[in-house]
Amino acid sequence: MSRGFDLAASLARSMEDRGGAWSFIEGFAAHWAEPLQSTDGWPEEELVAAEDRLGVRLPVALREAYRLFGRRRDLTGNHDVLLDPAELYVDDAEEALVFRHENQGAASAGMLLDGLTLDDPAVFVRPDLAVKSAERWENWLDRLSLCFVEIVVSESVLADRERCDFLHSEDDSIELLERHCARLPFPSYPIGEEGYGIRWFLGPDVLVRDDDGMALLARGRTVRDLDRLRELIPGDWLNA
């Protein structure tokens, strides 16, 4: 555990409200990346300009996240893409305000338009399929602030190659993960999906994402921390 920041306890508090989510992200950035700076957010005039262009009011949680860390690509854009205020858009079916894209355009994340009056609305994802009629907005997480917590931790395990790694799970990988690491208090998601779930674990200064038993993505605070995890969970780690 990193000194001065209890990741598990702070993550649990992020489940409670927006303030807890932003506090977690500030602490995580300070101890696992680089501390937030006053220049890391978008200025108010950029958000107002986006609202004027779109003709909608941005939810409070989206405004707060963009103002606090919206320009920190190391926290939001190592793999997928958080749209700039000028890039926010309403989808063609006029169902959702889109704020995020999968890095190869395979999916989008957004909030349904009828939920924009809420301070912290639910987030939905839509796969971008060849058969357009099959596309629909599907449940992801029930709060936007919680989605930003997920964005920051997910992007962290897809960042620095020296401190991050990927493993296709083998027969005993999940058993070893559950033995040596503690399950973090973050709900399995996408919400409402039977038999599927992304889970988070914490070992000694190492963060691990379990993608439904199919793959593990890990980040150590140092290279040695990551090496210890590889020793505890042997396998064909991509960057080893």
Looking at the range 169-180, is at least one residue assigned to a loop (DSSP other than H, G, I, E, B), surrounded by fewer than 21 Cβ atoms within 10 Å (Cβ to Cβ) and of a type in the set (Lys, Arg)?
no
Quick one: in the range 208-228, which of the residues that are closer than 11 Å to Ser173 by Cβ and surrounded by fewer than 16 Cβ atoms within 10 Å (Cβ to Cβ) is nearest to the chain's Cα centre (by Cα)?
Ala215
Go through the residues of the range 48-57 one by one and say whether even a single one is of a type in the set (Val, Ile, Thr), closer than 23 Å to Ser14 by Cβ, out of contact with any strand residue (DSSP E or B) (no Cβ under 6 Å at 6 or more places or on another chain) and surrounded by 15 or more Cβ atoms within 10 Å (Cβ to Cβ).
no
Filter the range 46-88 down to the residues that are farther than 14 Å from Val98 by Cα and acidic (Asp, Glu) and list them by number.
Glu46, Asp52, Glu64, Asp74
Going by the conditions given, is Glu231 modelled with pLDDT of 95 or more and either crowded, with 16+ Cβ neighbours inside 10 Å or over 20 Å from Asp6 (Cα atoms) (or both)?
yes
Restricting the range 1-25 to residues that are closer than 16 Å to Glu150 by Cβ and out of contact with any helix residue (DSSP H, G or I) (no Cβ under 8 Å at 6 or more places or on another chain), the one surrounded by the fewest Cβ atoms within 10 Å (Cβ to Cβ) turns out to be Glu16
Exclusive hit being surrounded by 16 or more Cβ atoms within 10 Å (Cβ to Cβ) and touching a Pro at 6+ places or on another chain (Cβ under 6 Å), set Ala122, Ala107
Ala107
What number of residues in the range 48-72 are touching a residue at least 40 places away in the same chain (Cβ under 8 Å) and among the aromatic types (Phe, Trp, Tyr)?
1
Without any contact (Cβ under 8 Å) to a residue 40 or more places away in the chain, under 20 Å from the mean Cα position of the chain (by Cα) and buried (at least 17 other Cβ atoms within 10 Å of the Cβ): does that describe Gly203?
yes
Condition check: touching a residue at least 60 places away in the same chain (Cβ under 8 Å), crowded, with 16+ Cβ neighbours inside 10 Å and under 23 Å from Ala159 (Cα atoms). Does Leu75 satisfy that?
yes
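The values are calculated or read from the model by the stated rules, or taken from the named source; none is laboratory data. If you're wondering where the values come from, they're calculated on a predicted model, not measured in any experiment. Counting neighbours? That spans all protein chains shown, and the Cβs are built from the backbone with ideal geometry, glycine included.
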